[in-house]
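Have a look at the structure below, then the notes.
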Ligand code: CP
């Protein structure tokens, strides 16, 4: 079975395989979709008749809910499946689960999985479109896209922007998607954290490495701050959370010492008082909730484009009232 696409291939498993132009098309397509979420009737008939399964094998608030909102606002029929309560608990494999869903004639699968490579593994084995909603420490492409869209909203252009990703880079799929996407669009990218949480050889991707958060803050236009992913850590990567906050926490006094005002991003969930202090998270330069708002538009754009939609949305964005 072949599926229609808009030149994006069948699936979205990461930003690494995309071209700069493909990333720009997704971001540009997200722009008109932002407005749909502000309407009284937040619904357009773009994906009417399509069936989408959201397969979440790991906990999620933002990604799961915003994919579901994106699907519903595009009029798709959606089903949500988690590991708990499904036959995965009885030992059914990922592929068997997906093939059984395919037998019910679905069109797309959105998958979050603890294993790096799970989305690509599935995409190679089922004819439905597969969208990676985060796989292990590999990629979280729609998070990378919504972070870049939020940066573009504020700075106008990504080219030449200095973005530093601060925190647990080692275990972060968000860091990898940001690095691939930002570098393709011409940003300068750095990472900052204790050596134990920076992947060995990351410089080869073209990023600068800071081990002092003060140096990262001095260099940057924007910080994307990551939480410590304690659930993925098998050893002691930091002495204590308090010690981590003392040395690497993004705090107001540290930001006030910066030569310029920095934009503050965080993909969530936040651990306040660890990687970020509340007066930074809730401060005037934080765009953390705007990232969440942009997540719906970005996911609408990805769903629309993978389903074969043309980047010109004029017709597609008509509301239910218009048709
Ligand atoms: N940013 C992010 O992926 O958040 P969730 O884990 O809540 O989906």
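Among the residues of the stretch 52-78 satisfying the criterion of being farther than 18 Å from residue 12 by Cβ and more than 15 Å from the ligand (Cβ to nearest atom), which is surrounded by the most Cβ atoms within 10 Å (Cβ to Cβ)? By that ranking, first place goes to 73. Taking the stretch 242-297 as the range and being more than 18 Å from residue 140 (Cα to Cα), in contact with a strand residue (DSSP E or B) (Cβ under 8 Å, 6 or more places away or on another chain), within 16 Å of the ligand (Cβ to nearest atom) and touching a residue at least 24 places away in the same chain (Cβ under 8 Å) as the test, the residues that pass are 264, 275, 276, 287.
Is the stretch 87-105 home to any residue that is away from the ligand (no atom under 13 Å from the Cβ), touching a helix residue (DSSP H, G or I) at 6+ places or on another chain (Cβ under 9 Å) and closer than 30 Å to residue 285 by Cα? No, the conditions are met nowhere in the stretch 87-105. Condition first: surrounded by fewer than 23 Cβ atoms within 10 Å (Cβ to Cβ), within 16 Å of the ligand (Cβ to nearest atom) and not in a strand (DSSP E or B). Can you find one or more residues in the stretch 137-159 that meet it? Yes, the stretch 137-159 has at least one match. Taking every residue in the stretch 60-78 that is more than 23 Å from residue 135 (Cα to Cα) and touching a residue at least 24 places away in the same chain (Cβ under 8 Å) and pairing it with any residue that is more than 9 Å from the ligand (Cβ to nearest atom) and in a helix (DSSP H, G or I), at least 6 positions away or on another chain, the pairs with Cβ-Cβ distances below 7 Å are 73/36; 73/300; 74/300; 74/303; 74/304.
Residue check: is residue 174 assigned to a strand (DSSP E or B) and under 24 Å from residue 115 (Cβ atoms)? So residue 174 does not fit the description; no.
Determine if the stretch 228-238 includes at least one residue that is modelled with pLDDT under 95, surrounded by 16 or more Cβ atoms within 10 Å (Cβ to Cβ) and within 16 Å of the ligand (Cβ to nearest atom).
Our first condition is that a residue be modelled with pLDDT under 95; within the stretch 228-238, this holds for 228-238.
From what is left, the residues that are surrounded by 16 or more Cβ atoms within 10 Å (Cβ to Cβ) are 228-229, 237-238.
Then keep just the ones that are within 16 Å of the ligand (Cβ to nearest atom); that gives 228-229.
Yes, that holds for at least one residue.
When residue 122 is tested against (1) touching a strand residue (DSSP E or B) at 6+ places or on another chain (Cβ under 7 Å); (2) part of a helix (DSSP H, G or I); (3) under 28 Å from residue 43 (Cα atoms), just one condition goes unmet, and that condition is (3).
The values are calculated or read from the model by the stated rules, or taken from the named source; none is laboratory data. Since the structure is predicted, the reported quantities are computational estimates derived from the model, not experimental observations. Please note: Cβ atoms are built from the backbone with ideal geometry, for glycine as well, and neighbour counts cover all protein chains shown.
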